[in-house]
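*Asks:* Encoded as structure tokens, here's the structure I'll be asking about.
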Amino acid sequence: MDILTIAGLVLATVSVVVGAILKGAGVKALLSGAAFMIVIVGTLAAIFVQTPMPVLKHALRRIRWIFKPPALAGEKQISKITEWSTLARKQGLLGLEPMIDSEPDDFIRKGLQLVVDGNEPETIRSTLEVELESREHADIRAAKVYEGMGVYSPTLGIIGAVLGLMAVMQNLGDPSKLGAGIAAAFTATVYGIGLANLFFLPVAAKLKGIIAAQAQQREMIIEGMVGIALGENPRSIESRLHGYLH
């Protein structure tokens, strides 16, 4: 569990609520059904128009990464690759075949299968690089869904404020309604800018960081598989792979 994400979301909520209280607006000023409809529902509508269904589903699956990022375990992976390299030099590449079914990571499993099948090192590298790029591209598109929401929500907040001011202008003859009306108009702006900068954009940035870290580890795995296929010294492979951890 990523404690920083939880702490950040809690602090974001506290900062807005306590800020509203300290400014004298009160918590009630933050509650607005109209602002919710315009900003939240409007942002969802915009992202639905922009995003294909498979990408949207992928984005919904990836949101859990901000709370529980996938384990990378670089040192553990290097240790396994070094052991496999030693085994391959002693028993040949076919000696790695029993490792395929017991490997939980499907990317590593695919790499091992390519090595055991006796493919050329460049074939192994190119095949795994295509797999890496495909996964990274899909995950980046998922992160951009939240980035898009961070772009749309402030604009919709402004639309909400303008609509609220239009309602105020229709009640200029009743001064008692002007203060509350203007305050309600700007609630939508708070929703839009607050959600963009305290949730949507940080989520997109965090997902992109996780995706980049995953891609780097997969590049390390590709290098290790190629080293095994070339029959390189296990210590040489281990030393090279440690460079990916810095």
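*Asks:* Which links in K57/K110; K23/K208; K23/K57 stretch past 30 Å when you go from one Cα to the other?
*Replies:* Values: K57/K110 25 Å; K23/K208 35 Å; K23/K57 40 Å.
Distance filter (> 30 Å) returns K23/K208; K23/K57.
*Asks:* Under the 0.36 nm per residue contour assumption, what length would be gained going from the current alpha-carbon distance of R240 and K76 to full extension? Mind dumping the intermediate values first?
*Replies:* Values: separation 164, 0.36 × 164 = 59.04 nm, distance 1.48 nm.
Full extension of this stretch gives 57.6 nm more.
*Asks:* Counting other C-beta atoms within 10 Å, and keeping those with at most 13, which DSSP coil chymotrypsin sites (Phe, Trp or Tyr not before Pro) do you find in the range 148-246?
*Replies:* Details: sites: Y152, F186, Y191, F199, F200, Y244; in loops: none.
Loop-located and lightly packed - none at all.
*Asks:* Starting from 0.36 nm per residue, how many nanometres of slack lie between I140 and V14 once their C-alpha separation is accounted for?
*Replies:* 42.3 nm
*Asks:* Just to be sure I understand the model, the point goes 7 Å from the Cα along the line to the Cβ. What's the resulting K90 to D106 distance in nm?
*Replies:* My value for the distance between the label points is 3.2 nm.
*Asks:* Quote the FRET efficiency, to the nearest 0.05, computed for F48 versus S126 with a Förster distance R0 of 35 Å and r equal to the Cβ-Cβ distance.
*Replies:* On the way: r = 37 Å, r/R0 = 1.06.
E between F48 and S126, to the nearest 0.05, is 0.40.
*Asks:* Hey, with R₀ at 22 Å, roughly what FRET efficiency would Q170 and A34 work out to, going by the Cβ-Cβ distance, to 0.05?
*Replies:* Result of the calculation: an efficiency of 0.95.
Each value in this text was obtained by applying a stated rule to the coordinates, not by laboratory testing. Please read these numbers as outputs of a predicted model, since none were measured by experiment. Cβ: placed from backbone, ideal geometry, glycine included. Neighbour counts: every protein chain shown.
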